[in-house]
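Have a look at the structure below, then the notes.
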Amino acid sequence: MSGRFSRIFSPVICRNLPFSHVGYTRYLLIETRSVEEFFGVAAGEQVWHSTNEQATARRYRRLVEHLGENLTDAKVYRIGGINLAVLILGRSPAGTLMGLRTRVVET
């Protein structure tokens, strides 16, 4: 990859994460990001945002705060191509691996 994405993404082979438990092969080449990097654009408010867009950005900021308060070592794992599976995983205070799963379509 080149440009901005080559600095943000760090391709890794994740052998110690249970991707097979959520329907993904254990040895996929994936891209990782911090939670803040992943939600940066969505959580940012702009002067030109409508009232609805500002409310959506606030919800994303609350989600980022909630993840930071409740998960340690949280990371975002982007799996696939245009129609990406996205896992946001971290450790709970008890040490359990927890997180969210969603999909992102990039055009």
>> I need the GluC sites (Glu not before Pro) found in the stretch 58-107, filtered to DSSP loop residues with at most 12 other beta carbons within 10 Å of theirs.
In response: E106
> Given 0.36 nm per residue, what is the gain on full extension from E65 to E106 after removing their alpha carbon distance, in nm?
Replying inline: 12.3 nm
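Read-outs: derived from the displayed coordinates by stated rules, not from any lab. Keep in mind the model is a prediction, meaning the values are calculated, not measured. Neighbour counts run over all protein chains shown; Cβ positions are idealised from the backbone, glycine included.
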